[in-house]
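Data first, discussion second: the structure below is written as structure tokens.
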Amino acid sequence: MTSATHVVTENFPPVAGRRSTFDVEKVRRDFPILHQKVNGKPLVYLDNAATSQKPESVLRTLDKYYREYNSNIHRGVHYLSERATQAYEQARQAAQHFINAGDPSEVIFVRGTTEAINLVAQTWGRRHVGAGDEIIISTMEHHSGIVPWQILCQEKGAKLRVIPINDQGELLLEEYEKLLGPRTKFVSVVHVSNVLGTINPVREIIELAHRRGVPVLLDGAQAAPHVKVDVRALDCDFYAFSSHKLYGPTGVGVLYGKAKLLEAMPPYQGGGDMISSVTFEKTVYNKVPHKFEAGTPNIAGVIGLGAAIQYLNQFDWEQVEAHEREVLAYASERISSVPGVRLIGTAREKTAVVSFVIEGIHPHDVGTILDQEGIAIRTGHHCAQPLMQRFGIPATARASLGFYSTRADVDALVAGLHKVLEVFQ
Ligand code: PLP
């Protein structure tokens, strides 16, 4: 997880220098929550797609902020406020470099991926989408990538068009190309599916849309923690991700937008900080990114996200990806060898997620029995009900990896799955 700039300040606790090799046991020591027992068994945390755990340095950053310089930002002239403002804006730079955005003003802090997509639908969308227009999404969207566009379509009399997928859980690019037409106004797709783990061919998706002058938003909630994101190389128009899936605090996330688009968009919410002047007759809005950050933001969360990115910057991204790929391959093989198991999502390009069903056993029962063994996985529709319908199932069990996940975690999970089978014999 390399970055051109390492943001190191007194606000963020120092972390060890760059790590030359990836030592997963050393990484695990950075995450205090992992070292506990649940139901009398060592915790095996395989629910990272829902939220990931936080390293010590993030915990210390949050503690330090509240103990030493808790203060509101941007408008204060006193020491604490200036220090909080500095840390907040340094976190913006850290996020900028993390995704290789051209300028910090292209990074807007929001509550998370969900808010980021709603922001684009309600600002860019409301301004540019009209009756009869079309918005393209995919079958494998999280509800956050469906409902905001549905709301917009209902309001404007526009239509959602959906890219189909094959049985492996891969987007059908030729079908996507057919969907792109004169009425297409916007494309919004997941970079990585939270259910299937599929890494979508986003470069091609963007290129095909741009040939027709159509902007593209990528939902990077599941990509940012696992795939090197370079918004300039991708040439995406918007990119959304959540801090809490990236080893940072909850309640904060990033919307990246190209400066030209952001500048032309109307504000999302009105209030403090997003204005440069207000009279009863007229308000002049602040410049980006502040135009989109109305009210007191999640200051601690943003600073915590900065610390998470700083923590990740110690690692070589290729080594992290190689480790996760290795554990994913092992998990896919071991889990699919359990009698009655069927994997849902077997795309060639995949990361970090193994969804599965076991014949005759409801996924919730699988999750409950595993919990007795101290193993945390997620079961249900994973906020992707249309995708469940595509596969003709109500739910899956989903084991999802973090970069601290190990083969031993997988072995414990597989042993747990055999216990599930025993219970249902
Ligand atoms: N998009 C995807 C692909 C997700 O996996 C999630 C969360 O699971 C979201 C969007 C929503 O993220 P958040 O709840 O952090 O806004």
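The values are calculated or read from the model by the stated rules, or taken from the named source; none is laboratory data. These numbers were taken from a predicted model, which means no experiment stands behind them. Every residue, glycine among them, receives a Cβ derived from its backbone with ideal geometry; neighbour counts consider all protein chains shown. Areas reflect the complete protein model, heavy atoms only, side chains present, ligands, DNA and RNA absent. Shrake-Rupley method; radii C 1.70, N 1.55, O 1.52, S 1.80 Å.
Observations on the model:
- Pairs are defined by a Cβ separation below 8 Å, a sequence spacing of at least 6 or placement on different chains, a first member in region 224-247 that is within 23 Å of L261 (Cβ to Cβ) and open to solvent by less than 10 Å² (accessible area, probe 1.4 Å), and a second member that is assigned to a strand (DSSP E or B) and of a type in the set (D, E); the pairs so defined are A240/D219.
- Any hit, region 227-235, residues being closer than 24 Å to R325 by Cα and of a type in the set (D, E): yes
- Failed condition for Q53, given (1) touching a strand residue (DSSP E or B) at 6+ places or on another chain (Cβ under 7 Å); (2) at pLDDT below 95: (2)
- Verdict on G112 being in contact with a His (Cβ under 8 Å, 6 or more places away or on another chain), of a type outside the set (S, T, N, Q) and closer than 26 Å to S144 by Cα: yes
- Condition met for V353 (touching a helix residue (DSSP H, G or I) at 6+ places or on another chain (Cβ under 9 Å) and over 30 Å from K26 (Cα atoms)): no
- Sole residue being over 27 Å from D316 (Cβ atoms), of a type in the set (V, I, T) and within 13 Å of the chain's Cα centre (by Cα), chosen from V147, V162, V189, V216: V189
- Region 365-414, subset of a type in the set (S, T, Y) and free of Cβ contacts under 8 Å to residues at least 40 places away in the same chain, residue nearest to the ligand (Cβ to nearest atom): T379
- Single residue of region 322-349 satisfying the filter (open to solvent by less than 50 Å² (accessible area, probe 1.4 Å) and over 20 Å from A395 (Cα atoms)) that is nearest to the chain's Cα centre (by Cα): E324
- Just one of the listed residues (L172, L180) is hydrophobic (A, V, I, L, M, F, W, C) and touching a Pro at 6+ places or on another chain (Cβ under 8 Å), namely L172.
- Meets criteria (at pLDDT 95 or above, more than 28 Å from A397 (Cα to Cα) and open to solvent by 30 Å² or more (accessible area, probe 1.4 Å)) for P182: yes
- Only strands (runs of 3 or more DSSP E) whose full extent lies in region 275-363 are considered here, and the ones with at least 1 residues that are in the same structural domain as G416 (by TED's automatic domain parsing) are 341-344, 353-358.
- Residue selected from region 248-273 under the condition touching a Phe, Trp or Tyr at 6+ places or on another chain (Cβ under 6 Å) and more than 16 Å from the ligand (Cβ to nearest atom), by the criterion most open to solvent (accessible area, probe 1.4 Å): P267
- Note on region 201-244: residues that are in a loop (DSSP other than H, G, I, E, B) and within 12 Å of the ligand (Cβ to nearest atom) total 7.
- F280, sole failed condition from (1) touching a helix residue (DSSP H, G or I) at 6+ places or on another chain (Cβ under 8 Å); (2) more than 16 Å from the ligand (Cβ to nearest atom); (3) of a type in the set (F, W, Y): (1)
- Condition check for G270: of a type in the set (G, A, S), in the same structural domain as V302 (by TED's automatic domain parsing), more than 20 Å from W149 (Cα to Cα) and outside any strand (DSSP E or B): yes
- Residue in region 37-63 that is surrounded by the most Cβ atoms within 10 Å (Cβ to Cβ), counting only those that are outside any strand (DSSP E or B) and more than 26 Å from the chain's Cα centre (by Cα): N39
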